[in-house]
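In what follows, a structure is listed as structure tokens, so that the remarks can point back to it.
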Amino acid sequence: MKINVIFLLRDKKDDFFTGKNVVIIDILRATSTMVTALSNGANGIFPVSSVEEAVKISKNLERTTYLLCGERNTKVIEGFDLGNSPLEYTEKVVSGKKIILTTTNGTKVFDEVKHSKNVLIVSSLNVSVVAKKMIEIADEWYLICSGRNGCYDESDALCAGLLIYKIIQNNVKVELNDAGRTALVVYKSTKANFNSALKKTEHGKILIANGFEMDIDFISNIDSLELLAIYLNNTVSVLQ
Ligand code: MLT
């Protein structure tokens with residue numbers, strides 16, 4: 001199976017991901033928040049790039065049916081219901097609700113994959129489920145790292161490396177691009193201390209400085225969720 005890791009989206013033309021199989025990674029924290037919200041019963045997630053777009057979508061929905069969510073500079077957006085901490089997305093809060101989510105980097109990637117073939121959402125929390133689905137589909141895959149402000153983000157590289165590692169553990173022969181080989185090396189260098197590796201990244205340090213260390217502890221629970229999330233028709237939902 002050929003796996004290509006993409007560290008920098010800016011190098012790709014607008015239609016690059018059309019018809020391709022992709023996995024979206026924003027381990028800190030958008031994709032971790034998404035899979036957590038869905039596992040706690042959220043009724044679909046609408047990832048959008050801007051605050052304005054999020055507000056506009058909310059205006060067409062009945063107020064009791066949705067939560068307006070997202071962050072800028074790690075903090076909840078003024079007037080929004082929730083930020084981007086997975087710990088906020090408890091069953092009591094999100095069950096049955098549609099989640100309109102805008103984050104600094106992660107939700108922007110969804111604009112690039114509207115015409116892709118299969119779009120899976122990965123975090124450390126559901127990594128083995130995603131690995132299994134990729135193996136089942138047995139086609140070429142693109143792992144898109146959301147990055148941070150257009151730059152390489154090592155937390156996403158760690159997640160990409162973890163996903164590749166899980167696939168290799170299933171005795172699948174994998175051909176990697178250069179970024180894929182790098183991601184695997186970065187993951188293996190953690191020597192299985194994923195939590196400490198995440199905390200050492202630039203993004204991890206920013207989250208800790210802003211009071212979100214517990215998010216990283218939660219996200220470090222590899223494979224705690226048996227949930228496959230896909231993006232289809234502008235919505236992230238659970239594939240049953
Ligand atoms: C992002 O989209 O950049 C992140 O999810 C930011 C964050 O840590 O909240």
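The values are calculated or read from the model by the stated rules, or taken from the named source; none is laboratory data. Values in this document were obtained by computation on a predicted structure and should not be read as measured data. Quick reminder, even Gly has a Cβ in these numbers, built from the backbone with ideal geometry, and neighbours come from all protein chains shown. What goes into the accessible areas is simple: the full protein's heavy atoms, side chains included, and nothing from ligands, DNA or RNA. Shrake-Rupley method; radii C 1.70, N 1.55, O 1.52, S 1.80 Å.
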Provide the net charge surrounding Leu61, with neighbours chosen by a C-beta distance below 11 Å and charges set as Lys +1, Arg +1, Asp -1, Glu -1. +4
Of the cross-linked pairs Lys97/Lys133; Lys12/Lys173; Lys56/Lys117; Lys114/Lys199; Lys12/Lys132; Lys117/Lys166, which ones have a Cα-Cα span greater than 29 Å in the structure shown? Lys114/Lys199
Express in nm, to one decimal, how much length is gained between Lys59 and Val185 on full extension, taking 0.36 nm for each residue of separation and deducting their alpha carbon distance. 40.8 nm
Compute the Cα gyration tensor for region 141-200, then decide on rounded, prolate or oblate, letting a ≥ b ≥ c be the square roots of its eigenvalues: rounded whenever a/c is under 1.5, prolate when a/b is larger than b/c in the other cases, and oblate in all that remain. oblate
Charge tally in the Cβ shell below 9 Å around Ala42, where Lys, Arg are +1 and Asp, Glu are -1, Ala42 excluded: +2
Based on the alpha-carbon gyration tensor of region 2-238 and its eigenvalue square roots a ≥ b ≥ c, which shape applies: rounded if a/c is under 1.5, prolate if not and a/b is larger than b/c, or oblate? prolate
Considering just Cα atoms, how many Å³ per residue does the convex hull of region 1-132 enclose? 119
Longest principal axis of the chain (C-alpha) makes with the long axis of helix 30-39 (C-alpha) an angle, in degrees to the nearest 10, of 70
Once you charge only the Cβ atoms, +1 for Lys and Arg and -1 for Asp and Glu, what is the size of the charge dipole of the chain about its Cα centre, to the nearest 20 debye? 200
Taking every DSSP bridge whose two residues both lie in the chain, the antiparallel percent to the nearest 5 is 30
With an 8 Å cut-off on Cα pairs and a minimum separation of 6 or more residues, tell me the relative contact order of region 2-238 in percent. 33
Helix 178-188 sits off the longest principal axis of the Cα atoms of the chain, rounded to the nearest 10 on a 0 to 90 degree scale, by 80
Tally up the carbon and sulfur contribution to the accessible surface of the chain as a whole percent, 1.4 Å probe, everything protein left in place. 49
Each label sits 7 Å from Cα toward the beta-carbon; between Asp223 and Asp139 the label points are separated, in nm, by 2.7
Region 191-211 and region 98-148: distance between their alpha carbon centers, rounded to Å: 21
Förster radius 25 Å - calculated FRET efficiency between Asn234 and Tyr152, Cβ distance, rounded to 0.05: 0.35
Taking 0.36 nm per residue of sequence separation and subtracting the Cα-Cα distance, how much length would be gained by fully extending the chain between Asn43 and Ile168, in nm to one decimal? 41.7 nm
Which of the GluC sites (Glu not before Pro) found in region 132-240 are loop residues per DSSP with 16 or fewer other Cβ atoms within 10 Å of their Cβ? Glu140, Glu226
DSSP loop chymotrypsin sites (Phe, Trp or Tyr not before Pro) in region 94-157 with at most 10 other Cβ atoms within 10 Å of their Cβ, which ones? none
If I model a spin label as a point 7 Å beyond the Cα along the Cα-Cβ vector, how far apart are those points for Glu52 and Glu78 in nm? 1.7
